[in-house]
Amino acid sequence: MMMNFDEFKVQASKILGLDLASYKEKRVERRVESLMRRRSISDFTECLQQLRMNSQFRADFLNHFTINTSEFFRNPLNFTSLEKEILPQLFAEHDRVKIWSAPCSNGCEPYSLAIIIDELQKNPHHYELLGIDIDPDILISAQKGVYNSGALKNVNPNRMKRYFTKIGNDSYAIDDKIKRMVTLKQFDLLKETYARNWDLILCRNLFIYLTQDVKDLITHKFVDALKTGGILFLGNTEFIFEPEKFGLKKIVSSFYRKV
Ligand SMILES: C[S@@+](CC[C@H](N)C(=O)[O-])C[C@H]1O[C@@H](n2cnc3c(N)ncnc32)[C@H](O)[C@@H]1O
């Protein structure tokens, strides 16, 4: 009998160590089917077989499944709020500001924060900046810190001059000083225990892929991980309905404070 998609998800989750049921069903199905078409894999049984036997296919599957799109200063107006209001206030309130970019993808997000912090002339003892992602390949790319002009479209000319070096036709390397400000780590937000006492957590453009139950669960975990008064910063199209149920208060578009 042909294997159905639900059964495939259960088996594939075990092989991959990634809970596919936490992600929106239609999206998972579309991603799996498009990869199968691309590889001329005819059914879920064969796809599972490949996942079991072929480590390269496993890596390709994860790569295809996790959408890594990112850019520097993504949603620039929100980064202006961060630069002009949120971060200066956090630095005024705390000797050491702990910031977590979760997920950080190719590094554009934590490096954007690092640029702002460098411009605010903060020393390493003033901040901790951690970027995590589930995808090991994207973390290697974050570590390399080389970007094309698409990822840099919101970087102003001053910052381009100060923090990037052109190394190829359309490739720019970020300054080592900025890279050194960020710690990168592989981490699965769905199953691992979160460190606590963060002042600012950025969880942007991941919730759009998750089921409502999983979003709620992760929101609770983020709230637990924040200090009282700490800020949760979401993507532009992501919202928390009834934030008070999570112990949050919306302060300005995309920013929520733990009360
Ligand atoms: C669209 S990117 C968002 C990057 C960045 N926050 C931004 O907004 O530009 C989504 C990232 O979520 C990561 N991801 C997906 N599931 C994850 C999980 N369970 N734990 C940690 N990261 C995950 C993917 O690998 C991908 O790099």
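Report the trypsin sites (Lys or Arg not before Pro) located in region 127-176 that are in a DSSP loop and have at most 12 other Cβ atoms inside 10 Å of their Cβ, or state none.
153
Just to confirm the filter: which GluC sites (Glu not before Pro) across region 179-259 are DSSP coil and have at most 12 other Cβ within 10 angstrom of their Cβ?
Numbers: sites: 192, 238, 244; in loops: 192, 238.
Passing sites in region 179-259 are 192.
Beyond a 31 Å Cα-Cα separation, which of these cross-linked pairs lie in this structure: 24/250; 26/98; 122/153; 24/258; 24/179?
Flagged as over cut-off: 26/98; 24/179.
Stokes-Einstein D for the chain at 37 °C, 0.692 mPa s, Kirkwood Rh over Cα pairs, in µm²/s?
Numbers: Rh = 19.6 Å.
It comes out at roughly 168 µm²/s.
Read the figures in this text as sums done on the coordinates, not as results from a lab. On a predicted model such as this, the values are computed, not experimentally measured, just so you know. In this analysis, Cβ positions are derived from the backbone assuming ideal geometry, glycine residues included, and neighbour counts consider all displayed protein chains.
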